[in-house]
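For reference, the structure discussed in these notes is given below.
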Amino acid sequence: MLWNGATLLAICGMLALSACASKYAQRPARLDLQPYGHVALVAFTSENERGGLSALATQRFAEAVLESQTGFELVELGGSDPALKDLPARTDPVVLAQALGEKKNLPAVFVGHLKVSGVKPRARISAGDMNLRAAVSAELTVRLLSTRTGGTLWRSSSVADGTVGKVGLAGGLPSIAVRDAETAYGKMLHAMVADVTRDLRPTWVKQ
């Protein structure tokens, strides 16, 4: 049987891919939520809150967790939940976790904190033109706490930088035009959430 060049190239490519695939194995996620059955998620707290940013971060985190794993239920709790409404604002996460254990009989709870820096001008010079942007940095820290002891079962954090608007001049004075929270901070939040949830996803390792 005669083989043309294109056919031989295709066969070689398939053999190469098969050889590569055989050298990799899937490693399970470091954090497996299925044994817990039910895991609570409390709305994240924040520092320098901007336009409901902590609520958006909580939502994105919940979506990432549910997309990463199955076989468990994520119980999302807001501040108005009966188990939380009697607790003072900024309650210590350990106290909060143990209160949920008593009132909700949940084995573990995710708590998170979002810290956003103040907006700072950042200059970008190109082709003789200077473009001023409003730059920020943010840090997201998430922990999984035992509701029995309050101890930390898992934790992860991520830092990101980005621009959220433009800096202009109004009446000779600098002014910052910042977009709405989801548009301005969406890319940063996506990157941080993907980073902090990396332990919930399986990985491929070379054998």
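The values are calculated or read from the model by the stated rules, or taken from the named source; none is laboratory data. Keep in mind the model is a prediction, meaning the values are calculated, not measured. Every residue, glycine among them, receives a Cβ derived from its backbone with ideal geometry; neighbour counts consider all protein chains shown.
Structure notes:
- Considering only residues in segment 8-49 that are of a type in the set (S, T, Y) and surrounded by 11 or more Cβ atoms within 10 Å (Cβ to Cβ), the one that is modelled with the highest pLDDT turns out to be Y36.
- Any hit, segment 50-60, residues being farther than 22 Å from G150 by Cβ, surrounded by fewer than 18 Cβ atoms within 10 Å (Cβ to Cβ) and in contact (Cβ under 8 Å) with a residue 24 or more places away in the chain: yes
- When residues of segment 141-161 are limited to those that are in contact with a helix residue (DSSP H, G or I) (Cβ under 7 Å, 6 or more places away or on another chain) and not in a strand (DSSP E or B), the one surrounded by the most Cβ atoms within 10 Å (Cβ to Cβ): T147
- Look at segment 83-103: where a residue is assigned to a loop (DSSP other than H, G, I, E, B) and a partner is modelled with pLDDT under 90 and not polar (S, T, N, Q), sitting 6+ places away or on another chain with Cβ atoms under 7 Å, you get K85/G79.
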